[in-house]
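The values are calculated or read from the model by the stated rules, or taken from the named source; none is laboratory data. Note that the structure is predicted; figures quoted are calculated from it, not measured. In this analysis, Cβ positions are derived from the backbone assuming ideal geometry, glycine residues included, and neighbour counts consider all displayed protein chains. Note: accessible area is taken over every heavy atom of the protein model, side chains too, but ligands, DNA and RNA are not part of it. Shrake-Rupley method; radii C 1.70, N 1.55, O 1.52, S 1.80 Å.
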Amino acid sequence: MNFTFQTPGKVIFGRDTAGQLPTLVAASGHTPLVVTGATPARHQALLTALRQADLAVTVFPVAGEPAVETAVAGARLAREAGCDVVVGIGGGGALDTAKAVAALATNTADVFTYLEVVGQGRPLTARPLPCIAVPTTAGTGAEATANAVLTVPEARVKVSLRSAMMLPDVALVDPLLSATMPPAVTAATGLDALTQLLESFVSGKANPMTDALCREGLPRAARGLAAAYADGNDLQAREDMALASLLGGMALANAKLGAVHGFAAPIGGLFGAPHGFVCASLLPFVTAANIKALRDRAPEAPALAAYATAARLLTGSPEATPEDAADWLAATCRALQAPSLGNLGVTAADIPLVVEKAAKASSMRGNPVELSSDELAAILTAAIG
């Protein structure tokens, strides 16, 4: 047994913990760059609290999922404003931008020096600015990951800026901040959290630490997602999902993901589709294909046993089989009205290009079994609907 486990410097979790933000920021600097979603006014209470603590706040709003140019612009603003700490408040896009900005503010070579897939993938050389991540959705787990997913429009793909130094110094997770999410956003983000927990659990890179996180997170996601979707004011469900998202982020940062996210990167870049719904449209079909491939080619593989355990955790049935996990996922995605890939704009004509790009995605290397091009194409065909 040999593994490494890395996670944020500090994790603060619980209802009403967001009130600690000014103190946490002041411990790291005095001139924070605060990265938010497109509407900073949604976080006016937190921004006001930071200003009342005599902190010189510069706000950097980000619309949607960030492009490489967005991160570069944020880093330039941070340097020009003399910022000494970066705070991300929002969903995965805002948090990924914050981590990228913190890294690029101190690592000033051309951004493609550091980017995976489309760049040189060289390591960061300077420590990023201190970074505090405050999620307001429950899905990406970006508050606990060591990468930032960025869109490269000219290549029509999403890639990562990645370094262990990009793990946030503090992950401040207050479930109450996610209580205002509408049902569709609850579904999209929550299905992403569920996907990340399952892919980390069956990954060929899983280890006892990540397994423990996923064993805790999977049943919380199973019960919390449907409940939060049905009633956004169900605070226990919101708490379950906030914790499931955090645990998924911690797990994926150490165990890798799989084919769902291997597909999601190029599909998101090609079609601009919401990441959570891309994952949802693929998850049941990838799961079924992985289980069949494992039964056919590696019936003794630990991943097949992991799928069986996941099935029991998700369904609550001690007799559940791996195939029951795929059936449960399909039923859950239908109940949450997750769209098909066809609804997201993917057609049969796009399959060869998506397969080609997915094969190069870093997440594909974590899949529990190597899938052939024909198997990958069959998954897409089924997911298009």
*Using the Karplus equation 6.51 cos²θ - 1.76 cosθ + 1.60 (θ = phi - 60°), what ³J(HN,Hα) coupling, rounded to whole Hz, does each residue of region 333-344 give in order, writing x for Gly and Pro?*
5, 5, 5, 8, 6, 5, x, 7, 4, x, 5, 8
_For the chain, calculated [θ]222 nm from helices alone, where every DSSP H run of n ≥ 4 adds -39500 (n - 2.57)_ = -16000 deg cm²/dmol
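Counting heavy atoms of the protein chains only and a 1.4 Å probe, report the per residue accessible area for the chain as a whole number of Å².
Working: 14910 Å² over 385 residues.
It amounts to 39 Å² per residue over the chain.
Which trypsin sites (Lys or Arg not before Pro) does region 256-347 hold that lie in a coil by DSSP with at most 11 other beta carbons within 10 Å?
Working: sites: 256, 292, 295, 297, 312, 334; in loops: 256.
Of the trypsin sites (Lys or Arg not before Pro), not one in the loops of region 256-347 has a Cβ with at most 11 other Cβ atoms within 10 Å.
Give the carbon-plus-sulfur fraction of the accessible surface of region 96-177 in %, rounded to a whole number; probe 1.4 Å, heavy atoms of protein chains only. Before the final figure, lay out the partial values.
Working: 1370 of 2600 Å².
That share works out to 53 percent.
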*Per the 1.4 Å probe, what fraction of the accessible area of region 238-385, in percent, lies on carbon and sulfur atoms?*
56
_Taking θ = phi - 60°, what integer Hz values does the Karplus form 6.51 cos²θ - 1.76 cosθ + 1.60 yield along region 247-254, in sequence order, with x for Gly and Pro?_
5, x, x, 5, 5, 5, 5, 10
*Cα to Cα, under 27 Å, and not fewer than 8 places away if on the same chain: which lysines meet these conditions relative to residue 292?*
205, 256, 357, 360
